[in-house]
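Reading through the structure tokens given below for one structure.
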Amino acid sequence: MKYDSILGTVGDTPVIRINRLAPEGVNLFVKCEYFNPLSSVKDRLALGVIEAAEKSGDLKPGQTVVEATSGNTGIGLAMVCAAKGYPLVVTMAESFSVERRKLMRFLGAKVILTPAAQKGTGMVEKAKELADKNGWFLTRQFENEANPDMHERTTGREIVDAFKGEKLDYWVTGFGTGGTLTGVSRVLKKESPDTKIVVCEPPDAAMLASGAPQERNADGSPKTSHPAWTPHPIQGWSPDFIPRITSEAVEAGVIDQIVKTPPAEGMKWSQALAQREGIFTGISGGSTFCGAMEVAKSAPKGTTILAMLPDTGERYLSTPLFADVAADMDAEEVEISRSTPGYQLSD
Ligand SMILES: Cc1ncc(COP(=O)(O)O)c(C=O)c1O
């Protein structure tokens with residue numbers, strides 16, 4: 001296939017059947033967002049918000065773009081800005097993984113770290129301050145309608161097309177901004193109304209399950225951290241507030257079920273997907289899959305479930321996901337190495 005630029009390769013990610021891990025009689029599928037050019041679902045958001053701002057005139061040629069992001073949005077934006085020629089500044093809490101910062105810098109972005117103690121709201125405040133002070137374009141991923149609109153036009157459409165002529169009983173997702181949730185839900189509720197929408201969140205940050213409202217500023221941004229939020233290790237999921245875009249799905253009443261997925265379980269499923277299916281996704285992908293397996297447990301035979309896998313496992317080499325993966329040979333590997341006559345390690 002031939003493309004005019006890297007941007008033409010965003011979206012159209014594959015839906016793949018789970019063969020070895022699926023409970024008997026359940027049709028389990030995953031939508032692998034790591035097939036996007038910079039390996040996460042956020043490439044869609046990045047392209048969607050930049051092109052919408054170009055169209056509306058809010059983003060001028062050569063203007064600096066600024067955004068608060070835990071990583072994947074920044075990486076996607078860095079790719080889009082590099083391809084289109086916009087400078088990019090990203091604000092990011094220092095608690096997020098080192099490889100994310102390095103990737104953004106490699107793609108030409110400036111990364112400004114904010115104190116971990118100030119959480120997600122801290123990095124959002126910093127991005128706003130920089131935009132106001134310098135006249136930069138703030139993409140506002142948590143409030144920008146172009147985010148769910150892009151998912152409505154692409155992700156939602158792709159899911160309906162993938163299951164054309166078949167039934168899809170459950171669609172399972174987590175939320176970061178809620179762009180995926182809200183955008184895809186719009187399409188499913190219209191074109192596949194029998195599909196149940198399942199949202200996963202960590203037990204330590206069960207904001208949607210709590211039912212407690214989010215306090216907001218006039219522009220829709222969060223005023224404070226949500227009372228049900230405490231820190232959790234699922235990067236990209238459940239920031240310390242309920243984004244306005246996520247609230248849109250809550251208020252529309254489209255969420256049929258909320259599943260609390262413990263991070264340790266999510267990490268186990270991420271590794272199981274890698275080792276038993278050859279599907280390589282991060283902690284949030286494993287956690288979404290965990291939610292899908294919860295649904296599958298009590299589902300009747302013939303049920304079809306689709307889970308979103310937001311990004312690649314490679315983005316988590318320095319995180320607890322890889323904590324038990326050794327760099328040195330274990331006893332079995334040493335034994336195998338000895339079967340070669342004369343084989344000697346350098347040290
Ligand atoms: C790493 C990662 N990126 C992105 C998302 C989804 O993002 P959003 O809700 O912003 O569409 C998730 C949520 O599942 C995620 O875990």
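The values are calculated or read from the model by the stated rules, or taken from the named source; none is laboratory data. Predicted model, so just to flag it, every value in this text is computed and none were measured. Here the Cβ positions follow ideal geometry from the backbone for every residue, glycine too, while neighbour counts run over all protein chains shown.
Remarks
- Look at (1) in the same structural domain as Val89 (by TED's automatic domain parsing); (2) touching a strand residue (DSSP E or B) at 6+ places or on another chain (Cβ under 7 Å); (3) among the hydrophobic types (A, V, I, L, M, F, W, C) and you find that Ile18 fails only one, number (1).
- Of the residues Val90, Val80, the single one that is within 16 Å of the ligand (Cβ to nearest atom), buried (at least 24 other Cβ atoms within 10 Å of the Cβ) and over 21 Å from Thr9 (Cβ atoms) is Val90.
- Residue match in segment 99-118 (condition: out of contact with any helix residue (DSSP H, G or I) (no Cβ under 9 Å at 6 or more places or on another chain) and on the phi > 0 side of the Ramachandran plot): no
- Taken over segment 116-147, residues that are touching a Gly at 6+ places or on another chain (Cβ under 6 Å) and assigned to a loop (DSSP other than H, G, I, E, B) amount to 1.
- Yes/no for Met329 being farther than 26 Å from Gly11 by Cβ and either hydrophobic (A, V, I, L, M, F, W, C) or without any contact (Cβ under 8 Å) to a residue 60 or more places away in the chain (or both): yes
- Yes/no for Thr177 being within 16 Å of the ligand (Cβ to nearest atom) and not in a strand (DSSP E or B): yes
- Qualifying residues in segment 278-296 (those that are farther than 21 Å from Asp43 by Cβ and either modelled with pLDDT under 95 or buried (at least 18 other Cβ atoms within 10 Å of the Cβ) (or both)) - the one nearest to the ligand (Cβ to nearest atom): Gly291
- Cβ separations smaller than 6 Å between residues 6+ apart or across chains give the following pairs from segment 26-41 residues that are of a type in the set (Lys, Arg) to residues that are within 15 Å of the ligand (Cβ to nearest atom) and assigned to a strand (DSSP E or B): Lys31/Met308.
- Some residue of segment 314-332 being more than 29 Å from the chain's Cα centre (by Cα) and of a type in the set (A, V, I, L, M): yes
- Selection from segment 240-259 of residues that are assigned to a helix (DSSP H, G or I) and not charged (D, E, K, R): Ile245, Thr246, Ser247, Ala249, Val250
- Whether a residue is aromatic (Phe, Trp, Tyr), within 14 Å of the ligand (Cβ to nearest atom) and either in a helix (DSSP H, G or I) or outside the structural domain of Met308 (by TED's automatic domain parsing) (or both) was assessed, and Trp237 does not pass this test.
- Of the residues contained in segment 161-172, none is found to be touching a residue at least 40 places away in the same chain (Cβ under 8 Å), over 24 Å from Leu306 (Cβ atoms) and more than 15 Å from the ligand (Cβ to nearest atom).
- Cross-chain or 6+ apart pairs with Cβ under 8 Å, segment 173-196 first and acidic (Asp, Glu), then away from the ligand (no atom under 13 Å from the Cβ): Glu191/Val160; Asp194/Lys167; Asp194/Asp169
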